[in-house]
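Structure first, commentary second.
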Amino acid sequence: MKVLIVGSGGREHAIAWKVAQSPRVEKIYCAPGNAGIAEYAECVAIGAMEFDRLAAFAKETAVDLTVVGMDDPLVGGIVDVFEAQGLRVFGPRKNAAILEGSKAFSKDLMKKYHIPTAAYENFTDAQEALAYLKTVSYPIVLKADGLALGKGVLICNTPEEAEAGVREIMTDKKFGAAGNCMVIEEFLSGREVSVLSYVDGRTILPMTSAQDHKRAGDGDTGLNTGGMGTFSPSPFYTEEVDAFCRTYIYQPTVDAMAAEGRPFKGIIFFGLMLTKDGPRVLEYNARFGDPEAQVVLPRMKTDIVDVFEACIDGTLDQIDLQFEDNAAVCVVLASDGYPVSYQKGYPISGLDAFHDRPGYYAFHAGTALRDGAVVTNGGRVLGVTATGADLHEARAHAYEAVKWVSFENKYYRNDIGKAIDEA
Ligand code: AMP
Ligand code: GLY
């Protein structure tokens, strides 16, 4: 069969690599793709938000299945456009992708269906938000309602910071229309865990857990980024935590969406905080995480095309989802200066070292081909993933492989997976 993947990041590279493992797949296209994805897929120069052009391409080339990796097209309704033209597509419709597209919606959903999350209030009026800030204790968390490239969350330690934050989001519209509405919520402390899961509208199959490192610098310092590295599984996500989440969070979320007339098909990514009072939902995403996909998919044994199709057909209850009993660590190699400003266009060397070494992967994020050579083309450049028998071995392998790759202004965190020493 022929598969089209929509997106161009390290997550889409990991999806393309996993799809390429399926004996059922004879051809992969990726729009727009990147230099690494081009090894498995024919990259097509159509943007992820050009829904009509993408659908026309899928029709002309007789694509059997389209997989959407990114949040923007999902929240914008790409799945509805494909379905209206009779095309098979993996991902939530617009009315379900709102689970990620509106934090106010997702908080109200959790409240209505008693899904454990931080206490909160929603606001559409800046004056009311400012008045509310006088009644809360600190730190407090401010969230722009809509998509904001992972930057719409502000953790404020003082009333002054929070007032400035409300103005940034609601008055100055720093995140654009995403700030027309905002959530003010209780600050939670604990360990964060990401659990990605396959959903077919009724049944949910959670994947193995992962942990992200969002800050730019070692020791969780510096600015928030899209994610500087991950490991999987999380040693803090115990069987007990898993059992709690399945009963009180995962299935209730799927049932709530169905009850609201918004059946969810695709990936639900649960961003969880393991607090001393138990797991709480920090946020939902409607897609694979980046770089969570880069550690979870290399550990997945089951044919992913079978799973995607079962989600579309509502037959996920017949899938036996299996993961390797090993571990994986991904270290993101970024351009120095990310997430603020950085140079692009530097040649990358050493990528050949990954070719005949099973268990080592260089997932491309911001890369491009220039005169046949791979060059840097973004803030997050590569995700170097390695597997191992356990987390310690996987981490040692990942940091060994990080050294194989060189490019000017290469920057990475040295402490990805450090938390496992505390487990
Ligand atoms: P998000 O962009 O929604 O993924 O949130 C970014 C990060 O903000 C999360 O990964 C958490 O580290 C943090 N965060 C979000 N909500 C809370 C909360 N209620 N308490 C503490 N930290 C939070
Ligand atoms: N790594 C976090 C995310 O994909 O949202």
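Over the chain, with a Gaussian network built from C-alpha contacts below 10 Å, which listed residue (Tyr132, Tyr399, Tyr412) shows the highest mean-square fluctuation? Answer for the Gaussian network model of the chain: Tyr132. A simple charge model with +1 on the Cβ of Lys and Arg, -1 on the Cβ of Asp and Glu and nothing else charged puts the dipole of the stretch 304-381 at about 720 debye relative to its Cα centre. Within the accessible area of the chain, the carbon and sulfur atoms contribute 48%, probe 1.4 Å, all protein chains present.
Would you mind working out the magnitude of the charge dipole of the chain relative to its Cα centre, with +1 at each Lys and Arg C-beta and -1 at each Asp and Glu C-beta, to the nearest 20 Debye? In debye, rounded to 20, the chain gives about 500. Working note: Karplus 6.51/-1.76/1.60 with θ = phi - 60° gives the stretch 378-386 the couplings x, x, 8, 9, 9, x, 8, 10, 9 Hz, where Gly and Pro are set to x.
The simple spin-label model puts a point 7 Å past each Cα toward its Cβ; for Lys173 and Gln343 those points are separated by 3.6 nm.
Below 8 Å, C-alpha to C-alpha, sequence gap of six or more: please give me the relative contact order for the chain in percent. 16 percent. Taking amide H positions as modeled 1.01 Å from N, with prolines and chain starts lacking one, the residues under 5 Å from Ser234 and 5 or more places away or on another chain are Ser209, Ala210.
Bridge orientation summary for the chain: considering DSSP beta bridges with both residues in this region, about 80 percent are antiparallel. Note on the stretch 190-261: dipole from Cβ charges, positive end direction compared against Met257, Ser232, Gly219; the farthest Cα belongs to Gly219.
In straight-distance terms, cross-link reach from Lys134 covers every one of the aspartates and glutamates whose alpha-carbon lies under 20 Å from its own, apart from those fewer than eight places away in the same chain; here that gives Glu121, Asp125, Glu160, Glu161, Glu163, Glu168, Glu185, Glu186. The residues of the chain expose, per residue, 40 Å² of accessible area to a 1.4 Å probe.
With 18 Å as the limit on Cα-Cα distance, the pairs of Lys344/Lys403; Lys151/Lys418; Lys143/Lys214; Lys143/Lys173; Lys173/Lys214; Lys214/Lys265 that go past it are Lys344/Lys403; Lys151/Lys418; Lys173/Lys214; Lys214/Lys265. From most to least packed by mean Cβ count within 10 Å, the peptides 357-363, 154-160 give 357-363, 154-160.
Of the residues Met49, Pro32, Ser22, the one whose Cα sits farthest towards the positive end of the charge dipole of the stretch 17-66 is Ser22 (charges of +1 on Lys and Arg Cβ, -1 on Asp and Glu Cβ, taken about the Cα centre). The trypsin sites (Lys or Arg not before Pro) found in the stretch 367-423 that occupy coil by DSSP, while having at most 12 further C-beta atoms within 10 Å, are Lys403.
Taking Cα centroids, how far is the stretch 164-213 from the stretch 325-368 in Å? Going from one Cα centre to the other spans 26 Å. Look at the dipole of the stretch 69-147 built from charges on Cβ: of Pro73, Ala129, His114, the Cα furthest out on the positive end belongs to His114.
The values are calculated or read from the model by the stated rules, or taken from the named source; none is laboratory data. Please read all numbers here as calculations on a predicted model, not as lab measurements. With ideal geometry, Cβ positions are generated from the backbone for all residues, glycine too; neighbour counts draw on all protein chains shown. Remember, those area values only see protein heavy atoms, side chains included, never the ligands or the DNA or RNA. Shrake-Rupley method; radii C 1.70, N 1.55, O 1.52, S 1.80 Å.
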